[in-house]
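The next block holds one structure in the form of structure tokens; read it before the comments.
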């Protein structure tokens, strides 16, 4: 069993997940739990992008207004297609966008008609990234979809960079995926898919 009890804190190690049993991380994800996991630069906290209650819980714990929207992180671009209007991406921008993936590059792309409003807020675009972090790639492939990605910290506090730091913040209120952050020194760059304007360096 890959679920490790550490007090009341659930942790999950992806490399142990080849059991025929239901993976604890999948069960937690489907139940609407918030999940803390390593990303390229910091620990991230996220949830099922299609679960409105889970996203609202995430926004509440982060004290982040829904109008601002959130980032989706995926193992491959195909996982993002339900949320992105691929046909509306400018042809002259496609090479720059897709050649930057996988990697720590987030793009604001036209949202699909079915993209939930709780992901995009007041915006006509959705923030998406294809990651090359092995733990997140395995996590998204296991879940079969992207995961909401935001830094694991409370508003105004520095992001956690280890699982232990995240546990000091969130205790047993979330589910933990073990792993180390990548070598990036700052969160992903965010660019506008139409103009390539840097929104966050």
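By how many nm would the segment from residue 141 to residue 52 lengthen if fully extended, with 0.36 nm per residue of separation less the alpha-carbon distance?
Residue separation times 0.36 nm, minus the Cα-Cα distance, leaves 29.9 nm.
How would you order 63-70, 144-151, 50-57 from highest to lowest mean count of nearby Cβ atoms within 10 Å?
In descending order of packing, they fall as 144-151, 50-57, 63-70.
If you line up the long axis of helix 134-143 against the longest principal axis of the chain, both from Cα atoms, how many degrees apart are they, to the nearest 10?
90
Quick check: from the Cα gyration tensor, does segment 91-201 come out rounded (a/c under 1.5), prolate or oblate?
Judged from the Cα gyration tensor, segment 91-201 comes out prolate (a/c at least 1.5, a/b above b/c).
Using alpha carbons only, how many degrees (0 to 90, rounded to 10) separate the axis of helix 52-62 from the longest principal axis of the chain?
Here the helix axis deviates by roughly 80 degrees.
Provide the FRET efficiency to the nearest 0.05 for the residue 154-residue 194 pair, computing r from the beta carbons and using R0 = 35 Å.
Given R0 = 35 Å and the Cβ-Cβ separation, E is 0.60.
Relative contact order of the chain: what whole-number percent is it, with Cα pairs under 8 angstrom and at least 6 residues apart?
Computed value for the chain: 33 percent relative contact order.
Hey, in the GNM for the chain with a 10 angstrom Cα cutoff, which one of 177, 36, 117 fluctuates hardest?
117
Can you pull a Stokes-Einstein diffusion coefficient for segment 3-200 at 20 °C (1.002 mPa s), Rh from Kirkwood over Cα pairs, as a whole number of µm²/s?
127
What is the list of residues in segment 111-127 whose amide nitrogen lies under 20 Å from a point 7 angstrom out from the Cα of residue 87, following Cα to Cβ?
Those under the cut-off are 111-116, 124-126.
Where a number appears in this text, it was derived from the coordinates with a stated rule and is not lab data. Just so it is clear, the model here is predicted, and its values are computed rather than measured. Neighbour counts are summed over all protein chains in view; Cβ atoms, including those assigned to glycine, are modelled from backbone coordinates with ideal geometry.
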